[in-house]
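Below is one structure; the comments refer to it alone.
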Amino acid sequence: MFTEENSTFEEKNGIIGTVFHEVSLFFRYLRLRFIERLHSPLWRFIGGQPPLEGVQLSEEDRAMMLEIAPAEQMPIPETPPPSPKPLKTKQPSGGQTTTDDLLTRFGAKLNAREGRKQDAARRAALRKAGNATDPRQMTFDFEEAKDGGQTATVPSDEDKRDFADYLDDDEYTLPPITLFKLKNEVSTANEEEIAEVRQTIQNCMDSFGIDAEVGEAIHGPRVTLYKVNVAMGVRVATLSTFTQDFLRALAVESLRVLTPVPGKTYAGLEIPNRVADSVLCGTLRNGRAWYETKKRLPLTMGRSIDGKDVILDLARAPHLLVAGTTGSGKSVCLNTFIISLITRFKPSELKLMLVDPKVVEMHVYNKIPHLLVPVINENELVVIGLRWLVYEMERRYAMLAKVGVRDLEAFNSRKLPDEPVLDSDGAPIPAKLPFIVLIIDEMADVMAVAKKDVEVLLSRLAAKSRAVGIHAIVATQRPSVDVITGTIKANFPTRIAFKTASQVDSRTILDTIGAESLLGHGDMLFNDGMQRIQGAMLTDDEINAVVDFCAAQGNAPTSFDSIRNSKTDPENVPATSGESGEGEEGDLSSEDSVLMQALAVIMEDRRATISYVQRRLKIGYNKSASIFEELETRGILGPPLQGGKREIIPETLDEAKAMLKK
């Protein structure tokens, strides 16, 4: 029994509605089981009734019928072919459905479901027999399987590979909400604390002669926003000059002054709460915003100051840059994004490429069937993976052009033609393509090894890959200009900043200050209107539970063979660092195009100085010096003279090339 003290009228109504819904589902289940029993050929046989027309008879039911009564005493129906035609529902002239019609209709549904299972088993058997690993190169001969050409057996766990399951994962079940920790209670604002802080702010402004009035407060999970209405004729930016005085008066570690609040006519002060409220990932996933969202690639971010659940659509972002100091909540945020994706999409709908140079952050996801390749820990494989993504992007654009659509959504929802359309390699174009999401946990370590290659490849992906369903999430704990370069920053318009060490780092990420005043532990700034969001908290136990649930339904890839092939060699992707040559002292050969260009410049202009070749070819000094050392070794140039000039020994370019070949 509920009273007005412990429950409101809305809560009573919600509980009653939930109970009624559960009871109705239970009775519906009983009714379906009853109809299924009446429809079963075995039960109708025992009751002395003839089987319904067109109903499939399994071998088990037929054997049991023979045990009950010989065939000469009661006729036993023959087993129909595995894929019967759909049954038609007959209705009498009165327009009311009879019991037999209802049973026939229900039997048709059961037959269709059984047919889908048999088709799935045949496809699995063909994959096993053909040793196929990529569905885009697989063809299925269903007629041959029906005639006995292939044995329709379910593959073992060793042969099962969900990477090839683009359309055949009807049996895959998404992780339930019961794997997460839930918290129904929401902390309410302490009116006495808010009134006290409001009065302190008002007294501080009055003591400095600021003509402004403190308005209402908006209570959030970690901070409370106090509205400040500034009088006409007073500059709003004046409040920012008294930040240190507000800190002293309120006795808090940090606060943020908004002058003004984006999109509003008033300024604001964000003051930390004395008692913080945790935001659980399970609570957000169990909320109405997550269930009712129509976003194509939803990512759970957290909860805003006004108490609303914030969900980011990565498909519209379309790429995301995350930065913040160590311990600010960046890794937890990435885990929340990954869990959001694998609990929303099946392996046939989404593929992940995870890059974890620190090794320990993402190794738990090596078991999920959503991966394209195992988690990448070596920086050398990062460039290979990026080149494969660029090749996949170009391949998808070619397929979109073949079928005459503009983006992945139109491609997956198109009407399939009677005859399959072939791509440039002569292979049939698949019916659907999955999303691909690249997640790099630590960008600084990757940039330290292959800066030019990674920068150019990421820029190409960010510029063109949105329409074909390839998206990138890049994170770093060192938001400096040598890691987040201007090229990367320009191609990643959507950014999240956690707590930074200085205003310079905040400007590097968001082009404005404010991230240095955050509280850490999930406190973030989202550049979409500069929202302040408290990130969701996700424990290791919840991550392991979701990963184990997904891993039990499919095998993860164990090798990098899918991204190591001839079509993703460096000549198909423009090289960058090898041509720039800055900081490189590598050996040169006669086949090096840069060496041939330098030789042509020297022989044409008859000027053999390192600085001149450096300016003409726009390469680094070290690269130019290495070229001159190689030419001197081949006998084309003499030793350096006074002023850095060298003697050019051959008279013509042909003679120089001949000497170079020797």
field: In segment 385-404, the residues that are under 19 Å from A463 (Cα atoms) and of a type in the set (V, I, T)
entry: V390
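Among the residues of segment 233-250, is any under 34 Å from the mean Cα position of the chain (by Cα) and surrounded by fewer than 19 Cβ atoms within 10 Å (Cβ to Cβ)?
Initially, segment 233-250 is screened for residues under 34 Å from the mean Cα position of the chain (by Cα), giving none.
No.
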- prompt: Out of (1) in a loop (DSSP other than H, G, I, E, B); (2) aliphatic (A, V, I, L, M); (3) open to solvent by 10 Å² or more (accessible area, probe 1.4 Å); (4) farther than 20 Å from V483 by Cβ, what's the single condition that is false for V373?
  reply: (3)
- prompt: If a residue has to be over 15 Å from D605 (Cα atoms) and outside any loop (DSSP other than H, G, I, E, B) to count, how many in segment 619-653 make the cut?
  reply: 19
- request: Scan segment 392-405 for residues that are open to solvent by less than 60 Å² (accessible area, probe 1.4 Å) and assigned to a helix (DSSP H, G or I) and jot them down.
  value: E392, M393, R395, R396, A398, M399, L400, V403
- prompt: Name the pairs: first residue in segment 473-488 and in contact (Cβ under 8 Å) with a residue 24 or more places away in the chain, second residue among the polar types (S, T, N, Q) and in a loop (DSSP other than H, G, I, E, B), Cβ to Cβ under 7 Å, at least 6 apart or on different chains?
  reply: Q477/T325; Q477/T326; P479/T500
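Condition check ((1) of a type outside the set (D, E, K, R); (2) open to solvent by less than 50 Å² (accessible area, probe 1.4 Å); (3) within 21 Å of K358 (Cα to Cα)) across all residues:
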site	(1), (2), (3)
L458	yes, yes, yes
K464	no, no, no
Q477	yes, no, yes
V483	yes, yes, yes
I488	yes, yes, no
K499	no, no, yes
S502	yes, yes, no
N527	yes, yes, no
Q534	yes, yes, no
query: How many residues, within segment 504-525, are of a type in the set (S, T, N, Q) and surrounded by fewer than 16 Cβ atoms within 10 Å (Cβ to Cβ)?
result: 1
query: Going by the structure shown, is L389 within 19 Å of the chain's Cα centre (by Cα), in a strand (DSSP E or B) and not aromatic (F, W, Y)?
result: no
task: Scan segment 549-570 and give yes if some residue there is open to solvent by less than 40 Å² (accessible area, probe 1.4 Å), at pLDDT below 60 and either over 19 Å from I177 (Cα atoms) or among the basic types (K, R) (or both), otherwise no.
output: yes
message: Of everything in segment 266-292, what is of a type in the set (S, T, N, Q) and touching a strand residue (DSSP E or B) at 6+ places or on another chain (Cβ under 8 Å)? Give them in sequence order.
response: N273, S278
message: Can you tell me how many residues within segment 261-274 are surrounded by fewer than 16 Cβ atoms within 10 Å (Cβ to Cβ) and within 34 Å of the chain's Cα centre (by Cα)?
response: 3
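Taking Y166 as the residue in question, decide whether it is modelled with pLDDT of 65 or more, open to solvent by less than 40 Å² (accessible area, probe 1.4 Å), assigned to a loop (DSSP other than H, G, I, E, B) and not small (G, A, S). Let's see the steps before the verdict.
On the way: modelled with pLDDT of 65 or more: no; open to solvent by less than 40 Å² (accessible area, probe 1.4 Å): yes; assigned to a loop (DSSP other than H, G, I, E, B): yes; not small (G, A, S): yes.
Here the answer is no, as Y166 does not meet what is asked.
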message: What's the total number of residues in segment 257-302 that are under 30 Å from D407 (Cβ atoms), assigned to a strand (DSSP E or B), touching a residue at least 60 places away in the same chain (Cβ under 8 Å) and of a type in the set (A, V, I, L, M)?
response: 1
task: Provide a single number: the residues in segment 406-440 that are among the charged types (D, E, K, R), surrounded by 12 or more Cβ atoms within 10 Å (Cβ to Cβ) and assigned to a loop (DSSP other than H, G, I, E, B).
output: 4
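Does I533 count as closer than 26 Å to V390 by Cα, modelled with pLDDT of 90 or more and out of contact with any His (no Cβ under 6 Å at 6 or more places or on another chain)? Before you say what the answer is, go through the steps one by one.
Details: closer than 26 Å to V390 by Cα: no; modelled with pLDDT of 90 or more: yes; out of contact with any His (no Cβ under 6 Å at 6 or more places or on another chain): yes.
The answer is no for I533.
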message: Restricting to segment 221-253, name every residue that is under 12 Å from I271 (Cβ atoms), modelled with pLDDT of 90 or more and in a loop (DSSP other than H, G, I, E, B).
response: R222, A251, V252
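The values are calculated or read from the model by the stated rules, or taken from the named source; none is laboratory data. Quantities reported herein were computed from a predicted structural model and do not represent experimental measurements. We place every Cβ from the backbone using ideal geometry, glycine too, and count neighbours over all the protein chains shown. SASA here: full protein model, heavy atoms, side chains in, ligands and nucleic acids out. Shrake-Rupley method; radii C 1.70, N 1.55, O 1.52, S 1.80 Å.
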